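Shown next, in structure tokens, is the structure this report addresses.
No lab work stands behind these numbers, since they all come straight from the coordinates. Only a predicted model underlies this, so the values are computations on that prediction, with no experimental measurement involved. Neighbour counts are summed over all protein chains in view; Cβ atoms, including those assigned to glycine, are modelled from backbone coordinates with ideal geometry.
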Amino acid sequence: MLVHVTLADSAVSVHGLRKSYGERTAVAGVDLDIPRGEVFALLGPNGAGKTTTVEILEGYRSRDAGEVSVLGVASDAATPQWRARVGIVGQAVTDLSELTVTETVRHFAGYYPRPRDPDEVIATVGLTGSATQRTRLLSGGQRRRLDVALGILGRPELLFLDEPTTGFDPAARRQFWDLVENLAGEGTTILLTTHYLEEAERLADRVAVIAAGAIIEVATPAELGGRQHAEATVSWTDPDGARRSVRTAEPTRTVTELAASLGGEVPDLSVSRPTLEDVYLEMVGLQG
Amino acid sequence: MSQMHDSTGTAGATVGLPGTWSIGLRRVRIELLQFARDREAAFFTMLLPVLLLIVFGSAFTGNVAPGIPFSQYFLAGMLASGIVYTSFQNLAISIPQERDDGTLKRLQGTPMPKASYFVGKVGLVLVIYVVQVVVMMAVGVTLFDVHLPSEPADWWTFTWVSVLGLLCCTLLGVAFSSVPRSGRGASALVSPIVLVLQFTSGVFFQYDELPSWMQQMAALFPLKWLCQGMRSVFLPDSFQRQELAGSWELGRTALVLTLWSVAALVLALRYFRFRRRDDT
């Protein structure tokens, strides 16, 4: 982007963000604009600068250079008022171990001007059955749900989710996705980092791929890396038993021709386009 | 997971935030709950001093002066130590642990005013100290025939020495919490400091019988003055002759504790951090 316009209804607006730790550059000029109400996913390999970028936006870290505006406030000037409008689900930690789920959620509700009902939040994240359990006895996935409960407790306008579903089983992950969709439906802006491409595809309005401290591309999940125009792969099994596949821009024609040449049904036919994961791995692979 | 019907509505900035004190009092409650359930911390801070009182009180049965049993002397020293245990040692160990386990990072991400965190710590320290004092006095009276003071003036001294000592050592604990590199290393660093000061400040041994270089070294730190203040409460005034200065030096005690408090406050304001050193 040569020209950037900071929208008045931007939830997050970042320009030229840089951050180094000693000799190592973690973030090397990141630009981001996330309008209010959007679910935005930040993808990238470990060490690409995801967490540093997000923690600067969360007001946890200082920046070396660049402009950062989060809900209209420079995030290094975080006040309690601003904190009350932002929800943070950081990377997994081990605090609060001796408190029960209910004690924890009720306690934290007291920090916010207009908290959600603690019992309702516990139900929302699916912890009602463990409400009287000490936190240290929860499974990894349950503990993560508690983190999410604390993140949404204050009715945030902007919610940060840093690898929220690590340790979830597939059913819990689906339930979590429904929860995120409900929050987004209520107008909450969500900034998500994840290693699960399926998660980004399901939840995000737009995704950004970050590698070596810089954004490579920002697009909808369907369009990332020119995915919608990408060649399709047609695979089938030949009469001699050999598995065959070709990449083509015209898969319909290929299949028609195949059907004609094989005289009817094409054995084990499949037509696929690159998944988000394929596109993503190609993009970050180029950087490596 | 059920749908939540109420929308996030308008910006929350205009709605009043809960105050520093109201959140601080909630912190006191949650700190006490966590402390009571953390067996290791409860043992180290609450039970150990009582155990030491029983062991030393039983082992040394002589008199420190005619008519004054060692247990009377030792209770004063252990109450002074209790101030250091509940405030300095407790905080200098638990805050680095909270920095490591994510407690402080989580709190930093909420609208909780930072002052509320310290209100919680002060409340925790006060409650543990009061409980410890009651238990130690009860053990001293029932097992070792310790006599509690009857003069209101002595109780007044006990109160101000306790309050000023707790203030001083709480600030020192907060300041010192930035020294250990990790939560795991904190107790290995803090406990020996406390132990050495106890040996040199007249807790386990009679202060007036220590080598003078040791006395002079100990006199630089608060514990020696806390012990002396407590002795003025629990020993008869005739014992003053055995103090180095020939008196209880209560004015000097107040001065030393105040100076340490100011220094600790400056250090805490300058060096206290919510995040680990390698995490900024």
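Without any contact (Cβ under 8 Å) to a residue 60 or more places away in the chain, closer than 29 Å to A:Glu201 by Cβ and surrounded by 17 or more Cβ atoms within 10 Å (Cβ to Cβ): is that true of A:Ser69 in this structure?
Here the answer is no, as A:Ser69 does not meet what is asked.
Against the condition crowded, with 23+ Cβ neighbours inside 10 Å and of a type in the set (D, E, K, R), how does A:Arg145 come out, does it pass?
Yes; evaluated as a whole, the condition is true for this residue.
Output the residues belonging to region B:120-149 that are hydroxyl-bearing (Ser, Thr, Tyr) and farther than 24 Å from B:Thr61 by Cβ.
B:Tyr129
Of B:Leu79, B:Leu104, B:Leu53, which residue is at the interface with another protein chain (Cβ under 10 Å from one of its Cβ atoms), touching a residue at least 40 places away in the same chain (Cβ under 8 Å) and part of a helix (DSSP H, G or I)?
Testing whether each residue is at the interface with another protein chain (Cβ under 10 Å from one of its Cβ atoms), touching a residue at least 40 places away in the same chain (Cβ under 8 Å) and part of a helix (DSSP H, G or I) leaves just B:Leu104.
Among the residues that make up region B:128-138, is at least one of them in contact with a Pro (Cβ under 7 Å, 6 or more places away or on another chain), in a helix (DSSP H, G or I) and of a type outside the set (Val, Ile, Thr)?
The answer is yes, given that some residue of region B:128-138 is in contact with a Pro (Cβ under 7 Å, 6 or more places away or on another chain), in a helix (DSSP H, G or I) and of a type outside the set (Val, Ile, Thr).
Sort out which residues of region A:249-270 are farther than 30 Å from A:Ala208 by Cβ and either outside any helix (DSSP H, G or I) or touching a strand residue (DSSP E or B) at 6+ places or on another chain (Cβ under 7 Å) (or both), and write them in order of number.
Residues satisfying the conditions are A:Glu250, A:Thr254, A:Val255, A:Leu258, A:Gly263, A:Gly264, A:Glu265, A:Val266, A:Pro267, A:Asp268, A:Leu269, A:Ser270.
Name the residue that is farthest from A:Glu282 (Cα to Cα), counting only residues in region A:19-37 that are surrounded by 18 or more Cβ atoms within 10 Å (Cβ to Cβ) and not hydrophobic (A, V, I, L, M, F, W, C).
Checking each candidate, the answer is A:Lys19.
Filter region B:233-278 down to residues that are within 14 Å of chain A (Cβ to nearest Cβ) and in contact (Cβ under 8 Å) with a residue 12 or more places away in the chain, then give me how many there are.
Within region B:233-278, residues that are within 14 Å of chain A (Cβ to nearest Cβ) and in contact (Cβ under 8 Å) with a residue 12 or more places away in the chain number 5.
Give the residues of region A:72-89 that are within 9 Å of another protein chain (Cβ to nearest Cβ) and buried (at least 22 other Cβ atoms within 10 Å of the Cβ), sorted by residue number.
Of everything in region A:72-89, those that are within 9 Å of another protein chain (Cβ to nearest Cβ) and buried (at least 22 other Cβ atoms within 10 Å of the Cβ) turn out to be A:Arg83, A:Ala84, A:Arg85, A:Val86, A:Gly87, A:Ile88.
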